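Here the structure comes first, spelled out in structure tokens, and everything after it is commentary.
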Amino acid sequence: MKIRQAGFTLIELLIVISLVAVLASLAVPGFRSLLVNRTVQTAADSLMTDLRYTRSEAVKRSARVSLCQSANGTSCVTGSNAWVSGWIVFIDANGNGAVDAGDEIVRVQQALTSIASIASTNPTSDRRFFTYQPTGWAKSASQTFIFTPAGNVPSGSLRVVCISNQGRAGLKAAGATACT
């Protein structure tokens, strides 16, 4: 009577491991692209959500509410590409776009990880803040924000947020590079 051995031979095991390694090396670049695209989408959604929230708070509270770029979550900052450092939403009693004594901060967005920049094609003209009136309108709010991921950028991974002259925010389809 023969005893039958169960298991794999060393050659079979090496073939399976090499096949898994080849398949994994083919899948990793596509997975990285997926992660980068998802990161940029999440960042653009965060800004869109906070712009809509700012507008709804202005209507709800019947007061001026502003959204400005902020690195520390307590005051507004100026400078090119400062939106990537984060932003705050606050009740802006005098409508000057700066947090003054008596202004209430209602929402804070910390710096966005894995995002290299949030800017337009002409960053020197980017708006520092958006102030929504009690009617829900923001005067002269026209702005284009292009979200660029950090590191090697896969093609089609940019996202564009367009803000109309009245303050309505819209997200362009993946791969768009401008609001037009």
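Worth pointing out:
- Residue list for the stretch 57-93, filter: without any contact (Cβ under 8 Å) to a residue 40 or more places away in the chain and buried (at least 22 other Cβ atoms within 10 Å of the Cβ): Ser70, Ile88, Val89, Phe90, Asp92
- Residues in the stretch 118-135 that are surrounded by fewer than 17 Cβ atoms within 10 Å (Cβ to Cβ) and touching a helix residue (DSSP H, G or I) at 6+ places or on another chain (Cβ under 7 Å): Pro134 alone.
- Qualifying residue in the stretch 32-48 (condition: closer than 25 Å to Gln166 by Cβ, touching a strand residue (DSSP E or B) at 6+ places or on another chain (Cβ under 7 Å) and among the charged types (D, E, K, R)): no
- Tabulated pairs, the stretch 108-129, first under 18 Å from Leu51 (Cβ atoms), second among the acidic types (Asp, Glu), C-beta under 7 angstrom, 6+ apart or interchain: Gln109/Asp50; Ala119/Asp126; Ser120/Asp126
The numbers here are math on the coordinates, done by the rules we state, and not lab data. Keep in mind the model is a prediction, meaning the values are calculated, not measured. In this analysis, Cβ positions are derived from the backbone assuming ideal geometry, glycine residues included, and neighbour counts consider all displayed protein chains.
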